Every structure is written in C-alpha cells, then in structure tokens.
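Some notes on the structure that comes next.
The values are calculated or read from the model by the stated rules, or taken from the named source; none is laboratory data. Because the structure is predicted, anything quoted here is derived from the model rather than measured. Don't worry about glycine lacking a Cβ; one is built from the backbone with ideal geometry, like all the others, and counts go over all protein chains shown. Please note that ligands, DNA and RNA were not included when accessible areas were found on the heavy atoms of the full protein model with its side chains. Shrake-Rupley method; radii C 1.70, N 1.55, O 1.52, S 1.80 Å.
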Amino acid sequence: MSDLVNALTTLGLRHTAAHLDDVVALATKRRWSTTQLLEHLAESEQQERTRRSLERRLLRSRLGRFTPMSNFDWAWPKRIDRPTVEATLRLDFLAGARNVVLVAPQGLGKTMIAQNIAHAAVLAGHHVLFKTAAELLLDLGAQESARGLGRRLNYYATRGLFVIDEIGYLSYDARAADLLFQVVSRRYERRSLVLTTNLPFSEWPSIFPNAATARVVHHAEIITIEGESYRRRVAEAQQKSARAIASH
C-alpha cells in the first residue's frame, strides 16, 4: 500500500492518500463498482480542496477573530440603514466594483460590519485583505525603494476586496495622504473597497485630497450609523453589576 500512497501523493490526491485504508474498507463494505469508487474519490478530493482553499483565503485575509452579525443589536443605534447593510453582506456591491463606506463614532459596530462583509466575501470565493489604515501606511511607508513601493501598491490594488479599517483615527501627513490616494486610485472602478471611519465627510479633506474623496464616494454605498457607543453601554453595565456584587 505504501507505493500506492506515494503515487497518490505525487498525483496531488493527498486526501485519498491519507485516508486510503478507510476508503478501501468502505468500498469493500458497500461493494462499490469501479465507477462508484471513482465518484467517491472525486467528490472527497473536491471537498477537501475546497476546504483547504477556504482556509488559505481566510489566513491570507488577515481577518482574525470577529463577532458574527447574528450578535449585532440592530435596536441600539439611533440611525442605521439595515436594508443597505444587509445588501452589503450579500455582496451586492462587488459585481460593479462599488465601494462601501461605514461612517460612525467609535463603539457602534462599523468594524464588526466590515469584518462580516470580509468574511462573507471569503466564503464566496473572493481573495480578501483586511487591514487598519495605520497598518497599511506603516507597510507602505517602510518601503525603501520606488520598486518596493510599487510592488506593495500593486499588491493592495489587486486583492479582490480590500477592507481598510479606522481611517481618520490618526492624523496623516502629506505623504501618508498621498499613499492612501494611490491605493484608492489604483482600485478605482476596478475592485471594491470597504472603508470604516469616524470622520464625517466634511472632515475628509484632512486625510484625503479632494480627488481621492471623490473616487471613494463615487459608486459607493455610504452607511452612516448614529447613536451612543455600544461598547460604553456594555462597560457601564459590567461596572454596575460589579458594584452591585461588591455591595452584597
């Protein structure tokens, strides 16, 4: 059997090679015909390759752990366009290379929504990348040559979906603003961006040239969320509970 295992591995049928004893036992027990055995092998290999592909896309997305939308409290924000959010989660915007911009103060779930959009895109077979604006600018700013910078800009331009989180949380100098503009420009009308920001559009000129702002919002779903911080509510409830326990 070892020669057969090696041959299967060489052919790229690693799942079959790893489970060969089980496959043979199952085929014998069920008295499969040659065609039935081949159908089983083809199906199991396809399922395994699909699983491995999903794992690779999730790993490369840099998404990490996140809270699913099933835990989102739709009743908490004072203003949120739920149908539009749900449409973005269905990835309706990707076909037209449209952008999604989530505008909200801290603690209202814009990053959570962006993470769930990214996860849905990975599950749908897209190559996704999730980064904070600070991580993006740190990477681009660290490139020591024009060629190196060009390669990184091309990398960010070619991801199927690029999510840039927390734009506007830090002040940007002219070079940082220019680098953001280059990323936006290279993706413009080619591939979608999802951006989250705590800044209203009136303050965008402080981080983006006007041309970049125009390219972000053109062909974009703008989702504005208003209300009090959900995280603050949770923290206050926990503090209140702790005080109540301590008083007893």
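Put simply, when 184-194, 20-30, 113-123, 150-160 are sorted by average Cβ atoms within 10 angstrom per residue, most first, you get 113-123, 184-194, 150-160, 20-30. Under 5 Å from the amide H of Glu221 lie the amide H atoms of Asn99, Val100, Val101, each residue being 5 or more positions distant or on a separate chain, with H modelled from the backbone and absent for Pro and chain starts. The portion of the accessible surface of the chain made up by carbon and sulfur, rounded to a whole percent, is 51 (1.4 Å probe; DNA, RNA and ligands excluded). Karplus-based coupling profile of segment 84-91, in residue order and whole Hz: 5, 4, 5, 5, 5, 5, 7, 6, with θ = phi - 60° in 6.51 cos²θ - 1.76 cosθ + 1.60 and x standing for Gly or Pro. The alpha carbons of segment 129-197 occupy a box of 28, 26, 17 Å along the principal axes, longest dimension given first. The aspartates and glutamates whose alpha-carbon is closer than 15 Å to the alpha-carbon of Lys29, local same-chain residues fewer than 8 away aside, are Asp21.
Taking chymotrypsin sites (Phe, Trp or Tyr not before Pro) across segment 49-113, the ones in a DSSP loop with at most 11 further Cβ atoms lying within 10 angstrom of their Cβ are Trp74. Residues whose amide H comes within less than 5 Å of that of His127, counting only those at least five positions distant or on another chain, are Gly160, Leu161 (H built at 1.01 Å from N in the peptide plane). As an equivalent ellipsoid, segment 75-118 spans semi-axes of 19, 11, 9 angstrom, where each value is the square root of five times an eigenvalue of the C-alpha gyration tensor, largest first. For Leu149, the shell of other residues with beta-carbons less than 14 Å away shows a net charge of +2, using +1 for Lys and Arg and -1 for Asp and Glu. Ala212 sits among other residues whose Cβ lies under 12 Å from its own Cβ, and their net charge, with Lys and Arg +1 and Asp and Glu -1, is +2.
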